[in-house]
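Novice: Dumping the structure here so I can ask a few things about it.
The values are calculated or read from the model by the stated rules, or taken from the named source; none is laboratory data. Note that the structure is a prediction, hence the values are computed from the model and not measured. Quick reminder, even Gly has a Cβ in these numbers, built from the backbone with ideal geometry, and neighbours come from all protein chains shown. Remember, those area values only see protein heavy atoms, side chains included, never the ligands or the DNA or RNA. Shrake-Rupley method; radii C 1.70, N 1.55, O 1.52, S 1.80 Å.
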Amino acid sequence: MTLPIYAYGHPILRQKTEEIDTNYPDLKSLVDKMWETMYNANGVGLAAPQIGLALRLFVVDASPFAADPELSEEEQQQIKQFKHVFINPSIKVFQGDQVDFNEGCLSIPDIRGEVTREDGILISYYDLDFKYHELELTGLASRVVQHEYDHIEGKLFTDKLSPFKRKILKSKLLQIEKGNITVDYPMEFPSKQKNKL
Ligand code: CO
């Protein structure tokens, strides 16, 4: 089942998120719906606030980046297999060089922008079996995970753009808030009207 993706301007995207406990009902089926919603929109990551839930949960499948010809063969192999469910994640360390990358977001259709982030992170999280993990990431995997992690912290990539770029995008963002955009996946807009397909 595909769920509507909450658009820029919706308060849920800024709300404080709660940790998930082991008794959370039907977590597996919720995560299945998130995968389906993400793939339907051709995304590489999706966080719970984007489907209207203030939870510390996101999913990432960075495998589409494996087609990037600029990656080494080793990086391509790594990114091809990078598919994880992150429950109650916590980024412990940000490290390495500052790197620029052109980001987009399923909640902010048709807008992209250069975002500077640290190349590396150390993140802890639980998987669907509530097994604890720690992962050290760099490159694109780190990039996608940091973007999704921002979502559960109530932050959006547009917050990190230069003031000049934000000024340029202001009216476009307003149109998204109003639902005055055409998107090929279902969305929920702050004005409460649903995008009819
Ligand atoms: Co996003």
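Novice: Of everything in the range 48-90 that's open to solvent by 40 Å² or more (accessible area, probe 1.4 Å) and outside any helix (DSSP H, G or I), which residue is farthest from the ligand (Cβ to nearest atom)?
Specialist: So in the range 48-90, the residues open to solvent by 40 Å² or more (accessible area, probe 1.4 Å) come out as 53, 64-65, 67-70, 72-78, 80-81, 83-84.
Narrowing further to those that are outside any helix (DSSP H, G or I): 53, 68-70, 72, 81, 83-84.
Details: LEU53: 15, ASP68: 19, PRO69: 25, GLU70: 23, SER72: 26, GLN81: 22, LYS83: 17, HIS84: 16 Å.
Per the criteria, the residue is SER72.
Novice: On the given criteria, is ARG112 charged (D, E, K, R) and in a helix (DSSP H, G or I)? Walk me through it before giving the result.
Specialist: Values: charged (D, E, K, R): yes; in a helix (DSSP H, G or I): no.
Criteria not met by ARG112.
Novice: Counting only residues that are open to solvent by less than 10 Å² (accessible area, probe 1.4 Å) and part of a loop (DSSP other than H, G, I, E, B), how many does the range 162-193 have?
Specialist: Residues that pass the stated criteria total 1.
Novice: Could you tell me which residue of the range 12-47 is most open to solvent (accessible area, probe 1.4 Å), considering only residues that are part of a helix (DSSP H, G or I) and more than 16 Å from the ligand (Cβ to nearest atom)?
Specialist: LYS28
Novice: Checking GLY9 against (1) surrounded by 18 or more Cβ atoms within 10 Å (Cβ to Cβ); (2) modelled with pLDDT of 95 or more; (3) at negative phi, only one condition comes out false. Which one?
Specialist: (3)
Novice: Here's a follow-up. With (1) closer than 29 Å to ASN40 by Cβ; (2) open to solvent by 60 Å² or more (accessible area, probe 1.4 Å); (3) away from the ligand (no atom under 16 Å from the Cβ) as the list, and PHE130 as the residue in question, which single condition is left unmet?
Specialist: (2)
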